[in-house]
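Undergrad: This is the structure I want to talk about, given as structure tokens.
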Amino acid sequence: MSSPASATHPLAHDAGNAAHPDMDATYRKIAWRLIPFLVTLFILAWIDRVNVGFAKLQMLDDLQFSEAVYGLGAGIFFIGYFLFEVPSNLLLEKIGARKTLARITILWGGASMAMAYVTTPTMFYVLRFVLGVVEAGFFPGVVLYLTYWFPARHRARVNGLFMTSFAIAGAVGGPIAGAIMNGMQDVGHLANWQWLFILEGIPSVIAGFFVLLYLPEKPVNARWLSTAEQHAVTAAVEAENQGGHKHVSFLDACRNYRVWLCAAVYFCIVSGNATIAFWSPSIIKEIGIQNALQIGLISAIPFLAGTLAMVWNGMHSDKTGERRMHCAVAALVAAAGLILTGLFLHNAVLALVALTLASIGILAAFPVFWSIPGAFLAGTAAAGGIALINSIGNLAGFVAPYMIGALKTSTGSLSSGLYFVAALEFAAAFLVVLFVKKQ
């Protein structure tokens, strides 16, 4: 890899190894530049998406909402997300990542702040739907954006590093939400859950403007790469996209049965993620913890374990080149953890251990899964196909919270809902083992 000085002295590009950069070192440099910033953005998005789970602890009593109303409102986010995901990612391919990601970040922050003024179930449903509309395209947009920089052999590890944002958001978001709920009780004329939405929406609006200042569009726009590095990275990705039998048009992607298979698998995986995101605070409260700050701190434990599992599974999958079993085994661990959580709700320690096991399996499946579509999609097919998989898969974010809320309302217990989601995780493992080709 060329030295930093080579980027400012053109003659240096003609000397030594500058014309043939160390690609592993170059990819590490890119990862260090992009991933922390993208992780920060997604942490903000995730917190604004799921903080309703903490607001619920007080909001339902204040507004006289039922558990079923909450479940529908939490899940209806994903209907808006589903409808606008593909258009957003196709637009990103046309106008670029910087403008798209900046627009999304600013608008979701504003929509999250507006949640503070909900008074009726209808307003709750509408604003959650709007939040889904404006956030649509962020996650698949980043997955697509990373394909501009990294060839397939690096993507499970890189996706894993980016997707630690799921887990980090759960780890830091819980304590922050708990602290706000505790600290802002009876402050001003707003309830603590209203302050939660406002204070957690402001940083997202600010971060959206930083996207325009910080994020390079593609390798050729990265001033912190030497000319040789820019050319080498671009050539590696282009050579991979032009080789083999990848589909390159959105129509090709829609016709490919593997896209729909991936969507079905992702639906099952996401059902578990939506469960731990929207229901962990309630699960922890159900096992006997009442203080909001304590609930926030305890809810961080499963996500911390999941972070480690996510990074390890992605790195090990890249090292071995194996995707199928890395994804399937993680889904089976998730199913087992959810079943055990439902069985041990009467025992706080065992329930927390089981919830942690579920989080490990759920989160470990993500980075490996997202290395699978890139093996057969490129160009516009990648933009549309990734968005299509993500949008259909994320409908589980509607189905799982709604079913858990409805089942709890009818049975009085969270257990039946957890068993339902466990069955979906088992189905994910079954589909991967049965239909995904060995590599």
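The values are calculated or read from the model by the stated rules, or taken from the named source; none is laboratory data. Please read these numbers as outputs of a predicted model, since none were measured by experiment. Neighbour counts run over all protein chains shown; Cβ positions are idealised from the backbone, glycine included.
Undergrad: Consider the stretch 253-284. How many of its residues are charged (D, E, K, R) and either closer than 15 Å to residue 365 by Cβ or crowded, with 19+ Cβ neighbours inside 10 Å (or both)? Let's see the steps before the verdict.
TA: Our first condition is that a residue be charged (D, E, K, R); within the stretch 253-284, this holds for 255, 258.
Okay, now just the ones that are also either closer than 15 Å to residue 365 by Cβ or crowded, with 19+ Cβ neighbours inside 10 Å (or both), so 258.
Summing the residues that are charged (D, E, K, R) and either closer than 15 Å to residue 365 by Cβ or crowded, with 19+ Cβ neighbours inside 10 Å (or both) in the stretch 253-284 gives 1.
Undergrad: Of the conditions (1) part of a helix (DSSP H, G or I); (2) in contact (Cβ under 8 Å) with a residue 60 or more places away in the chain, residue 345 fails just one. Which one is it?
TA: (1)
Undergrad: Something else about it: What's the number of the condition residue 155 fails, among (1) closer than 26 Å to residue 83 by Cα; (2) under 17 Å from the mean Cα position of the chain (by Cα); (3) among the charged types (D, E, K, R)?
TA: Just one mismatch for residue 155, condition (1).
Undergrad: Moving on to the next point. Show me the helices (runs of 4 or more DSSP H) entirely contained within the stretch 30-117 in which 2 or more residues are touching an Asp or Glu at 6+ places or on another chain (Cβ under 7 Å), among the hydrophobic types (A, V, I, L, M, F, W, C) and surrounded by 19 or more Cβ atoms within 10 Å (Cβ to Cβ).
TA: Numbers: elements: 52-63, 67-95, 97-114.
So the answer is 97-114.
Undergrad: Another question, if that's okay. Which one of the conditions (1) modelled with pLDDT of 85 or more; (2) out of contact with any Leu (no Cβ under 9 Å at 6 or more places or on another chain) does residue 251 fail to meet, given that it meets all the rest?
TA: (1)
Undergrad: Can you tell me which residues in the stretch 339-356 are buried (at least 22 other Cβ atoms within 10 Å of the Cβ) and out of contact with any Phe, Trp or Tyr (no Cβ under 6 Å at 6 or more places or on another chain)?
TA: Selection gives 341, 355.
Undergrad: Would a scan of the stretch 116-128 turn up a residue that is over 20 Å from residue 54 (Cβ atoms) and of a type in the set (Gly, Ala, Ser)?
TA: Start the filter on the stretch 116-128 by keeping residues that are over 20 Å from residue 54 (Cβ atoms), which leaves 120, 122, 126.
Add one more test, that the residue is of a type in the set (Gly, Ala, Ser), and what stays is none.
Scanning the stretch 116-128 turns up no residue that is over 20 Å from residue 54 (Cβ atoms) and of a type in the set (Gly, Ala, Ser).
Undergrad: Looking at 74, 45, 15, which is the one that is within 20 Å of residue 274 (Cα to Cα) and at pLDDT below 85?
TA: Values: 45 fails: at pLDDT below 85; 15 fails: within 20 Å of residue 274 (Cα to Cα).
Going through 74, 45, 15 in turn, the sole match is 74.
Undergrad: Further question on the same structure: What are the residues in the stretch 129-164 that are within 18 Å of residue 74 (Cα to Cα) and surrounded by fewer than 24 Cβ atoms within 10 Å (Cβ to Cβ), if any?
TA: Keep residues of the stretch 129-164 that are within 18 Å of residue 74 (Cα to Cα), which gives 129-136.
Of everything in the stretch 129-164, those that are within 18 Å of residue 74 (Cα to Cα) and surrounded by fewer than 24 Cβ atoms within 10 Å (Cβ to Cβ) turn out to be 129, 130, 133, 134.
Undergrad: Also: Of these, 332, 355, 363, which one is over 30 Å from residue 153 (Cβ atoms) and of a type outside the set (Asp, Glu)? Can you show your working first?
TA: Numbers: 332 fails: over 30 Å from residue 153 (Cβ atoms); 363 fails: over 30 Å from residue 153 (Cβ atoms).
Just one listed residue meets the conditions, 355.
Undergrad: Taking the stretch 320-338 only, how many residues are surrounded by fewer than 20 Cβ atoms within 10 Å (Cβ to Cβ), of a type outside the set (A, V, I, L, M, F, W, C) and touching a residue at least 40 places away in the same chain (Cβ under 8 Å)?
TA: Residues meeting the conditions: 3.
Undergrad: For residue 271, state whether it is farther than 29 Å from residue 434 by Cβ and assigned to a helix (DSSP H, G or I).
TA: Working: farther than 29 Å from residue 434 by Cβ: no; assigned to a helix (DSSP H, G or I): yes.
Criteria not met by residue 271.
Undergrad: Of (1) closer than 27 Å to residue 39 by Cα; (2) assigned to a helix (DSSP H, G or I), residue 339 satisfies all except one. Which?
TA: Among (1) closer than 27 Å to residue 39 by Cα; (2) assigned to a helix (DSSP H, G or I), the lone unmet condition for residue 339 is (1).
Undergrad: Being small (Gly, Ala, Ser) and farther than 24 Å from residue 125 by Cβ is the filter here, so list the residues in the stretch 71-103 that pass it.
TA: Just the residues of the stretch 71-103 that are small (Gly, Ala, Ser), to begin with: 71, 73-75, 80, 88, 96-97, 102.
Correct list: 96, 97, 102.
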